[in-house]
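Read the figures in this text as sums done on the coordinates, not as results from a lab. Please read these numbers as outputs of a predicted model, since none were measured by experiment. Positions of Cβ are generated from backbone atoms using ideal geometry, with glycine treated the same way; all protein chains shown enter the neighbour counts.
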Amino acid sequence: MKPLDRFYESLDLVVVDRPPVIPQATYCVAGWLGLDLRRPAYDAKLMADSLIEGLRRAGYEGVYVGWEASFNILAEALGAVLEETEGGLPRVSRPILRDVDDVDGLPLPDPWLDGRMPIHLEAIERVCKAIKGEVPVLSYVPGPLTLSTLLLGSSRTFRYLYFEPDKLRKLMESVCRASISFAKAKIESGCDVIVVADPMSSMVKPGIFEEYISPYIDRILEAVNRDAVPSLHICGNTSKILASIGKLKIEIFEVDTPVDLSYARSILKDICVMGNVSTTLLKLGRPNDIEREVVECIRKAGLRGYIVSSGCEVPYTTPIENVKAMVDSTLKIERKM
Ligand SMILES: [Zn+2]
């Protein structure tokens, strides 16, 4: 079975011979190729060539196109100043909004012109030219809460969220519009799967998530679901909000390691789940440890609606042997069947 067919069958919740294997591997390939992190973040061709080379060398079955957090890219396009970090990738230095009312002056960025969004769109086009139709091309867009915290500051955003949540609505609407326009440009560039990434969402109470966050996540998903596969990534322990996540208009949920995969499977019956292999193990473990973990994940999730992946972004210094072990142990399942 072709990797792309197996991927779509998994989304359709058909029982497959073995799950697809698609680690969230972006900038970890830099280490494999002896590159620093910074240069490809500013060079579409180098970013695309590196991502394709990573796929070819490790043998996984899908490519995430991007090189750093999508919320950084969008915050920069909205006017945030980025500062250098020791690791090589820039980060937002300080919030650009002093208060929620300042959102009225926030522009709607043009993904084809502003900041480094065009670099990411060109990288998607280049990757698609090389591998479209062979394996799926995935890319992240910012979730509403996480982008809001970058623009307004985490402590102020959370204070509003818990004491005056309705005052955040205008900001959430504004960041949704920006995220949707980035997502649509990514689809136009050839992207198959749009993954809304909202890591901050695992830090809010379930009632707050359900009432004040999930409607905005859904707004982004609804805007893309006719032209791309809608997916959601929330890092950390999402066990308490899984029931709300199950009501969202997603076809995939990327489950991080702190969530028990059997539990996620039992709650998200009609959604393909993806992930769960520990990124710490991938970075520091041995190939044997990775194999054991992959087999355990497949045992818990089953052969219907599951994609083997890392719980989150594969870290920069992860050895390629460990990612290959993830791929090989998934392929072995097929041979055993
Ligand atoms: Zn994550």
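Each residue, ARG299 and LYS249, gets one label point 7 Å from its Cα in the Cβ direction; the gap between the two is 3.9 nm. When DSSP beta bridges are limited to those with both residues in region 161-308, what percentage is antiparallel, rounded to the nearest 5? Approximately 0 percent, going by the DSSP bridge assignments. Estimated from the Cβ-Cβ distance and a Förster radius of 25 angstrom, the FRET efficiency linking TYR42 and ILE320 is about 0.55.
Note on GLU173 and MET1: the model spin-label points, each 7 Å out from Cα along the C-beta direction, lie 4.4 nm apart.
Arranged by the count of other C-beta atoms within 10 angstrom, fewest first, what order do TRP67, TRP32 take?
Working: TRP67 29, TRP32 17.
In increasing order of surrounding Cβ atoms, one gets TRP32, TRP67.
Only beta bridges with both residues in the chain are counted; by DSSP, about 10 percent of them are antiparallel. Mean sequence separation of contacting Cα pairs (under 8 Å, at least six apart), scaled by the length of region 3-336, corresponds to a relative contact order of 22 percent.
In this calculation the C-beta distance from ASN237 to THR280 is compared with R0 = 22 Å, giving a FRET efficiency of 0.90.
Between GLU84 and SER262, the distance separating the two model label sites (each 7 Å from Cα on the Cα→Cβ line) works out to 5.0 nm. Were the residues from VAL14 through ASP166 laid out at 0.36 nm apart, the gain over their Cα-Cα distance would be 50.6 nm. Under 5 Å between amide hydrogens, built in the peptide plane, is the criterion, and for VAL229 it picks out VAL193, ILE194 among residues at least 5 positions away or on other chains. Taking the longest Cα principal axis of the chain as reference, the axis of helix 287-301 is set at about 80 degrees.
Measure nothing fancy, just the Cα-based angle from helix 154-163's long axis to the longest principal axis of the chain, in degrees from 0 to 90, nearest 10. For helix 154-163, the angle is close to 80 degrees. Ranked by the mean number of other Cβ atoms within 10 Å per residue, highest first, peptides 284-293, 182-191 order as 182-191, 284-293.
Distant-in-sequence amide contacts of THR26, defined by a placed amide H-H separation under 5 Å and a gap of 5 or more residues or a different chain, comprise VAL314. Here LYS2 is the anchor, and the lysines within straight C-alpha reach of less than 28 Å, apart from those fewer than 8 places off in the same chain, are LYS45, LYS129, LYS132, LYS184, LYS186, LYS249, LYS269, LYS300, LYS324, LYS332, LYS336. Around the amide H of ILE307, modelled in the peptide plane, lie the amide H atoms of VAL273, MET274, GLY275, all under 5 Å away and 5 or more residues distant in sequence or on another chain.
Taking θ as phi - 60° and the Karplus parameters 6.51, -1.76 and 1.60, the scalar couplings of region 237-252 work out to 8, 9, 3, 6, 10, 4, 5, 5, 4, x, 8, 6, 8, 10, 9, 9 Hz in sequence order, x denoting glycine and proline.
Could you line up TYR42, TYR306 from fewest to most neighbouring Cβ atoms inside 10 Å? Mind dumping the intermediate values first?
Working: TYR42 12, TYR306 26.
Taking fewest neighbouring Cβ atoms as first place, the list is TYR42, TYR306.
For the chain, what does the helix formula give at 222 nm: sum of -39500 (n - 2.57) over DSSP H segments with n ≥ 4, over the residue count, nearest 500 deg cm²/dmol? Computed mean residue ellipticity for the chain: -13500 deg cm²/dmol.
Nearest 20 debye, what's the magnitude of the dipole of region 160-256 about its Cα centre given +1 on Lys and Arg Cβ and -1 on Asp and Glu Cβ?
Working: 12 positive and 14 negative charges, 46 e Å.
That gives region 160-256 a dipole magnitude of about 220 debye.
If each residue's Cβ is checked for other Cβ atoms within 10 Å, how do GLU83, GLU313, GLU296 rank with the fewest at the top?
Details: GLU83 9, GLU313 22, GLU296 13.
So the ranking, lowest neighbour count to highest, is GLU83, GLU296, GLU313.
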